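Data first, discussion second: the structure below is written as C-alpha cells.
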Amino acid sequence: MAALRVGLIGTGGIARAHLRAYRHYPQQVQLKAVCDVQAEAVEQFAQEVGGEVQVYTDPEVMLKEAGIEAVDICTVHNTHAPLAIMAADAGKHILVEKPMACTRQECADMVQAAERAGVQLMVAQCQRYMPAFRGVKRVMESGELGRLHAIRFDAMQNMLAFLPPRHWLYDGQQAGGGIVISVAVHKLDLLRYLVGEVRRVHAVCRTQHPAFINGAEDYAVATLEFETPDGTVLGEMFATYSGFRLPWSEQFMIFGEQGAIYMVPPLSGHDRTMIASIRRGTPAGGWESQFGGFEAIEPEMEGLSGQDNFINEILHFAECCASGREPLTSGRDNLKTMRIVFAIYESARTGQWVECE
Ligand SMILES: NC(=O)c1ccc[n+]([C@@H]2O[C@H](COP(=O)([O-])OP(=O)(O)OC[C@H]3O[C@@H](n4cnc5c(N)ncnc54)[C@H](O)[C@@H]3O)[C@@H](O)[C@H]2O)c1
C-alpha cells in the first residue's frame, strides 16, 4: 500500500508521541504537513520532524493546499469537533485524539460528517493498542476467569505537579470537563473492550483545587453496571487530577469466579510499564495465600507492530484508510465510550442513575 499522506494539527505534547510513527514508518505514513495556531510551536515542531514538511498556522488552508489524504488532530478538546468536521467536508480521513469531543451532539455530528463524506473517523484511544492490554483481552476471551463478579479502576494523576497554572486542561470549557473526560475516558474505553458495554452509571464529581475552573472536576467517583454475557457486573471508578503526592495510577482489577486480573501500577520513577497479573484457581487458604500467586500476563503482539501503542494505533489507522475496514476505535464505536463520560456528568448533576444510551 502507498504511504498515507497526513497533515498533523496541534503540535504540542502528544504530537511528539505521534511523530514516532511518522519517523519510523515512512512506508506506511508520510507526514506531509504540520499545523498549529501558534507559529512558534509549529516551526519548532517542523524542525523536530526534520526533512520536508509543509508548515501552516491555519488548518483550513492546510486542508486546501497541502495535498494530504488524512488529518491527525492533536489539539485542545473543544477544537476536535470543528476541525474534524472541516476535515470530513474536505474529504480527508480523520484520526482524532481522545476524547472524541466535548458534547454528545458534537460527537454525533463528527460521526455523521465522516459517514456523509465517506471517510474514516478513528479516535486515538491508545490503550487498546498496548500489547499488555491485548494480553488481558486474550485472557478475557479464553473464559478462564469464569463468571465475572466485579471490576474496579483508578484514574489518578496529579496535573498540578506538571502543568503550568491556567493550562487549558484545568478549564472545563476548553477540556469539556476534568479528570473524567480527559483521563478516565482511557479506562472507560479499555474496559468496554475487555469486559462489555456499560448500561448505567451513578456518579459524584467534585472540584476541590481552585486551579480547576468552569466546572472541571478534579475528583470523581462512579458506580457502573457493565453488561456481560454473564449478566450485569458491578464496576467502580475512582478518579483524581489533584491528589497531593499520589501514586500515579491507572490500575484496574477484574474479579472472576476462577481468578482475578490485576494491573500493577508503576512502582519506580522510571518504570512506566503496564504489567497485568493474574491469580488463578482455588485459593490455597490461610492468611499468607493473600500475598502470593500472581503471574504476569504475557503481552499479545498479534496484529501489532511493536511495543509502542502510539505507533500501533497510527499504523492501524493507515491500514483502515487503505482497506476501508472500520477501525477498532472508530468514531461510531467511540460514541459508546463518550456516552459513559456524559452519563457520569449527568448523574453528578442530577444525583440519579443515568442510562448510557
Ligand atoms: N493518548 C494519550 O495518552 C494522551 C496524552 C496527552 C494528551 N492527549 C490528548 O492529545 C490532545 C492534545 O493534548 P496535548 O497534551 O498535546 O496538548 P498541548 O497543549 O500540548 O498541544 C495542543 C496544541 O494544539 C494547538 N491548537 C489548539 N487549537 C488549535 C487549532 N484550532 N488549530 C491548530 N492548532 C491548535 C495549540 O496551540 C497547542 O500547540 C488532547 O486531546 C489530549 O487529551 C492524549
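Here is the list for segment 1-73: GluC sites (Glu not before Pro) lying in DSSP coil, each with at most 14 other C-beta atoms within 10 angstrom of its C-beta, are Glu52.
Counting neighbouring beta carbons within 10 Å and listing from fewest to most, the residues Leu83, Leu145 come out as Leu145, Leu83.
Projecting label points 7 angstrom from Cα along Cα→Cβ for Arg349 and Asn214 puts them 1.6 nm apart. With a simple spin-label model that places each label point 7 Å from the Cα along the Cα-to-Cβ direction, the separation between Arg147 and Glu65 comes to 6.5 nm. Couplings 3J(HN,Hα) for segment 16-28, derived from phi with the Karplus relation 6.51 cos²θ - 1.76 cosθ + 1.60 (θ = phi - 60°), are 5, 5, 5, 4, 4, 5, 5, 6, 9, 10, x, 5, 9 Hz, where x marks Gly and Pro.
Distance from the alpha carbon centroid of segment 303-356 to that of segment 181-200 works out to 9 angstrom. Using the Stokes-Einstein relation with a Kirkwood hydrodynamic radius computed over Cα pairs, the translational diffusion coefficient of segment 58-142 at 20 °C and a viscosity of 1.002 mPa s comes to 155 µm²/s. Cβ crowding within 10 Å ranks Tyr219, Tyr25, Tyr345, Tyr241 as Tyr25, Tyr219, Tyr345, Tyr241, fewest other Cβ atoms first. Of the peptides 242-255, 330-343, the order by per-residue mean of other Cβ atoms within 10 Å, starting with the highest, comes out as 330-343, 242-255. Sorted largest first, the principal axis extents computed over the alpha-carbon atoms of segment 1-127 equal 39, 32, 32 Å.
Of the trypsin sites (Lys or Arg not before Pro) found in segment 138-238, those that fall in a DSSP loop while having at most 14 other beta-carbon atoms within 10 Å are Arg147, Arg166. Karplus-derived 3J(HN,Hα) values for segment 160-169, using 6.51 cos²θ - 1.76 cosθ + 1.60 with θ = phi - 60°, are 4, 6, 9, 9, x, x, 6, 5, 4, 5 Hz; glycine and proline are entered as x. A dipole drawn for the chain from +1 and -1 charges on Cβ atoms has a positive end, and of Ala113, Thr223, His24 the residue lying farthest that way is Thr223.
For Ala150, the residues 5 or more places off, or on other chains, whose built amide H falls under 5 Å of its own are Phe255.
Taking the DSSP bridge list for the chain and keeping only pairs wholly inside it, about 55 percent are antiparallel. Full extension of the segment from Arg166 to Ala39, taken as 0.36 nm per residue of separation minus the current Cα-Cα distance, would add 43.7 nm. Excluding same-chain residues fewer than 8 positions from Lys98, which aspartates and glutamates have a Cα within less than 14 Å of its Cα? Straight-distance partners of Lys98: Asp72, Glu106, Asp189, Glu313, Asp333. Annotation: extensible slack from Arg16 through Ala322 equals 107.7 nm (criterion: 0.36 nm per residue apart, minus Cα-Cα distance).
Counting 0.36 nm for each residue step from Glu115 to Arg332 and taking away their Cα separation leaves a gain of 77.2 nm. Per-residue Karplus couplings for segment 104-120, computed as 6.51 cos²θ - 1.76 cosθ + 1.60 with θ equal to phi - 60°, are listed in order as 4, 5, 4, 4, 4, 5, 5, 4, 5, 5, 5, 5, 4, 7, x, 10, 6 Hz, Gly and Pro entered as x.
In the chain, Rg over Rh equals 0.97, where Rg is the alpha-carbon radius of gyration and Rh the Kirkwood radius from pairwise Cα distances.
Between amide H atoms placed 1.01 Å from N, distances below 5 Å from Ala216 occur with Gly172, all of them 5 or more places distant or on a separate chain.
Put a dot 7 Å past the Cα of Arg138, heading toward its Cβ, do the same for Arg280, and the two dots end up 1.3 nm apart. Cβ-Cβ distance of Phe291 and Gln105, R₀ of 51 Å, FRET efficiency by 1/(1 + (r/R0)^6): the value works out to about 0.55. One equal scatterer on each Cα of segment 290-354, no solvent, Debye formula: the resulting log10 I(q)/I(0) at q = 0.14, 0.26, 0.30 Å⁻¹ is -0.72, -1.08, -1.24. Note on segment 1-70: along the principal axes its Cα atoms extend 33, 25, 19 Å, ordered by decreasing extent. Computed over the chain, the per-residue total of -39500 (n - 2.57) for DSSP H runs of n ≥ 4 gives a 222 nm mean residue ellipticity of -10000 deg cm²/dmol, rounded to 500.
Bear in mind these aren't lab numbers, they're just calculated from the coordinates by the rules spelled out. None of these values were measured; they are calculated from a predicted model. Ideal geometry is used to build each Cβ from the backbone, glycine not excepted, and the neighbour counts take in all protein chains shown.
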